[in-house]
Amino acid sequence: MARDFFIYNTLSHRKELFKPVHPGMVGMYVCGPTVYGDAHLGHARPGITYDVLFRLFRNLGYKVRYVRNITDVGHLENDADAGEDKIAKKARLEQLEPMEVVQTYTLRYHDAMRRLNVLPPSIEPRASGHIIEQIALVKKILDAGYAYESNGSIYFDVAKYDEAHHYGILSGRNLDDTREGTRNLDGQDDKHSPLDFALWKKASPEHIMHWPSPWSEGFPGWHLECSAMSEKYLGEVFDIHGGGMDLMFPHHECELAQNTASRGQGGVHYWMHNNMITIKGQKMGKSLGNFITLDELFTGNNKVLDQAYSPMTIRFFILQAHYRSPLDFSNEALQAAEKGYKRMMQAAKDVRSLPTDGSAPANAEIGGLTDRVYDALCDDLNTPIALSVLFDAVRIVNSVKDKSLKINAADRDTLVSLFTVVLQDVLGLQDETTDSASGKLVDGLIGMIVEERKQAKANRDWATSDRIRDELKALGVQIKDTKDGCEWTIE
Ligand code: ZN
């Protein structure tokens, strides 16, 4: 923890020095997916952004408790208080139990995150497993006078809350702006005002997921779960709450109001929001015909895609932009990211066998790389700058490789540690050809074949040597003869 970390706080609209509630420990909560469909490109950015934050804090020496929830109840269509539950609707359409839908898509989400090398969080609570905590929270808010009952449902009284606190402080709105943007919806007759939001909803007869409560057989409002589960696992006051910018209003605004109404304080020191991914400048959406699941990206099986993109290419692409900047998806941008990623990985491979020269003086540029890369990461997670520093390291590795530069062993160790600790452990970028068991096998087998070709050449058996080269080429393995032997790369 020798290094200071600066974090942009959405609540204060400025970068602040990170000071944890408990020294040496970080508590972070991130809104996870509503599991009613396949994981898509929109899930990749928060998944990867908060994964790098989690990894960085651990690398800096903090003990981190990272809570990322699974929403499996209460998220109604159009993110409003009316309409069908997203999971129940999918269950009805596919004639499944709602929990079968939840299980299917939770597993697929986990699989996509694992392929993107996103570490599992410390705790992954489900909303449906925390109904008791949510009912207790509704009671607290009722007791504090910031909610009312209406026909078996409980609503948060936004106007009353706004008299004592500022509703809209997180998203930078005031009550009048919010009023203007509010549509009239079916079923809101129970509410005193269209601004109010549901804490507990009485279930209609056709609603399949419901639980008993003091007010009605019903289900919790969508915003309630995150207030209840973050308090349960991280305490009344904790460090970081993250999520996509699209969740800032109403979801996080309502969460903040619920926290304040029940505990007398917002409870979150730093609110963090990642920007969205657009596709050729447009928002991604099923109705726009540009919806891409992560599986389709990995296989190339979508008409929007020119080719398949590997999980690490996608991870690299996302890290090339700062998390608060918009990021536009296109085949060209992904192909450029793929090239950059491969160049980086080649250097990460080459660095281990770089020759050293005991007489070479300490290289000042190499000496400064570690501080530069951590300065970038600790400046509100500036991953694009961190990657550009690593590309400086790539250039140095290539100069040593082509013998235009000599370095000593200590400098090589610094380079090795940049590629292993920063690139692999903190940024989570792995070499896809060697980091899996099958990748290691492929590497070993190609190495053996290349060795056979070397023997053939030594025996002046040019026919065999050329045949091996051509057959490997047909499989996508490029062999390049060099002065010292040969190198190979997988295209
Ligand atoms: Zn949430």
Inset, instruction - Using a Förster distance of 25 angstrom, determine the FRET efficiency expected from the C-beta separation of Val304 and Arg114, and round it to 0.05. - result: 0.55
Inset, instruction - Of the options Val394, Phe419, Met284, report the single residue whose Cα projects farthest towards the positive end of the charge dipole of the range 279-426 (beta-carbon charges: Lys, Arg +1; Asp, Glu -1). - result: Met284
Inset, instruction - Specify whether the C-alpha gyration tensor of the range 218-258 places it in the rounded, prolate or oblate class, a ≥ b ≥ c being the square roots of the eigenvalues: rounded for a/c under 1.5, otherwise prolate if a/b is larger than b/c and oblate if not. - result: oblate
Inset, instruction - May I ask for the angle, rounded to the nearest 10°, between helix 437-458 and the longest principal axis of the chain, with both axes built from Cα atoms and the value confined to 0 to 90°? - result: 10
Inset, instruction - Could you state the accessible area per residue of the chain in Å², with a 1.4 Å probe and every protein chain left in place? - result: 45
Inset, instruction - In whole Hz, with x marking every Gly and Pro, tabulate ³J(HN,Hα) for the range 419-433 from phi via Karplus 6.51 cos²θ - 1.76 cosθ + 1.60, θ = phi - 60°. - result: 6, 8, 6, 7, 5, 7, 7, 8, 7, x, 8, 9, 7, 5, 7
Legend entry - Length gained when the stretch Gln265-His207 is fully extended (0.36 nm per residue, less Cα-Cα span): 17.5 nm
Inset, instruction - Distance from a point 7 Å along Cα→Cβ of Asp177 to each backbone N in the range 237-276: keep the residues under 14 Å and list them by number. - result: 248-250, 253
Inset, instruction - Sort the following peptides by mean Cβ neighbour count (other Cβ atoms within 10 Å, averaged over residues), highest first: 101-110, 37-46. - result: 37-46, 101-110
Inset, instruction - Output ³J(HN,Hα) for the range 344-355: one whole-Hz value per residue in order, computed from phi by the Karplus curve 6.51 cos²θ - 1.76 cosθ + 1.60 with θ = phi - 60°, and x for Gly and Pro. - result: 4, 5, 4, 5, 5, 6, 5, 4, 5, 10, 5, x
Legend entry - Contour minus Cα-Cα distance for Glu471 and Lys89 (0.36 nm per residue): 132.3 nm
Legend entry - Cα-projected label distance for Lys19 with Ser193, points at 7 Å along beta-carbon direction, nm: 3.5
Legend entry - Proximal aspartates and glutamates relative to Lys280, as straight alpha-carbon distance under 13 Å, when same-chain residues fewer than 8 apart are discounted: Asp328, Glu332
Inset, instruction - Report the local net charge at Pro125: Lys and Arg +1, Asp and Glu -1, summed over other residues whose C-beta lies under 13 Å from its C-beta. - result: -1
Inset, instruction - Could you check the simple spin-label distance between Gln478 and Ile385, using points 7 Å along Cα→Cβ, in nm with one decimal? - result: 3.3
Legend entry - Surface share of carbon and sulfur [accessible, 1.4 angstrom probe, percent] for the chain: 50
Legend entry - For Gly168, net neighbour charge (Lys/Arg +1, Asp/Glu -1) across residues whose Cβ lies under 10 Å away: -3
Inset, instruction - Any lysines with Cα under 26 Å of the Lys19 Cα? List them, leaving off those in the same chain fewer than 8 positions away. - result: Lys63, Lys232
Legend entry - the range 159-168 - phi-based ³J(HN,Hα) in whole Hz, Karplus 6.51/-1.76/1.60, Gly and Pro as x: 5, 5, 4, 5, 5, 9, 10, 10, 7, x
Legend entry - Of Lys286/Lys473; Lys15/Lys89; Lys86/Lys283, those spanning more than 32 Å from alpha-carbon to alpha-carbon: Lys286/Lys473; Lys15/Lys89
Legend entry - the chain, Rg to Rh (Cα coordinates; Rh as Kirkwood inverse mean 1/r): 1.05
Inset, instruction - Excluding Arg263 itself, calculate the net charge of residues whose Cβ lies under 10 Å from the Cβ of Arg263, where each Lys or Arg counts +1 and each Asp or Glu counts -1. - result: -1
Inset, instruction - Rank by packing, highest mean first: peptides 250-259, 422-431, with packing defined as the count of other Cβ atoms within 10 Å averaged across residues. - result: 250-259, 422-431
Inset, instruction - Return a whole-number percent for the relative contact order of the range 6-274, with Cα pairs under 8 Å and 6 or more residues apart as the contact set. - result: 24
Legend entry - Ordering of 446-456, 65-75 by packing [mean C-beta count within 10 Å, highest first]: 65-75, 446-456
Inset, instruction - Taking a cut-off of 22 Å between Cα atoms, list the lysines near Lys480, but don't count ones fewer than 8 places away on the same chain. - result: Lys339, Lys342, Lys349, Lys401, Lys403, Lys440, Lys454, Lys457
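The values are calculated or read from the model by the stated rules, or taken from the named source; none is laboratory data. Bear in mind the structure is a predicted one, so any value in this text is a computation, not a measurement. No Cβ is skipped: glycine too gets one built from the backbone with ideal geometry, and neighbour counts run over all protein chains shown. Calculation scope for accessible area: heavy atoms of the full protein, side chains included, ligands and nucleic acids excluded. Shrake-Rupley method; radii C 1.70, N 1.55, O 1.52, S 1.80 Å.
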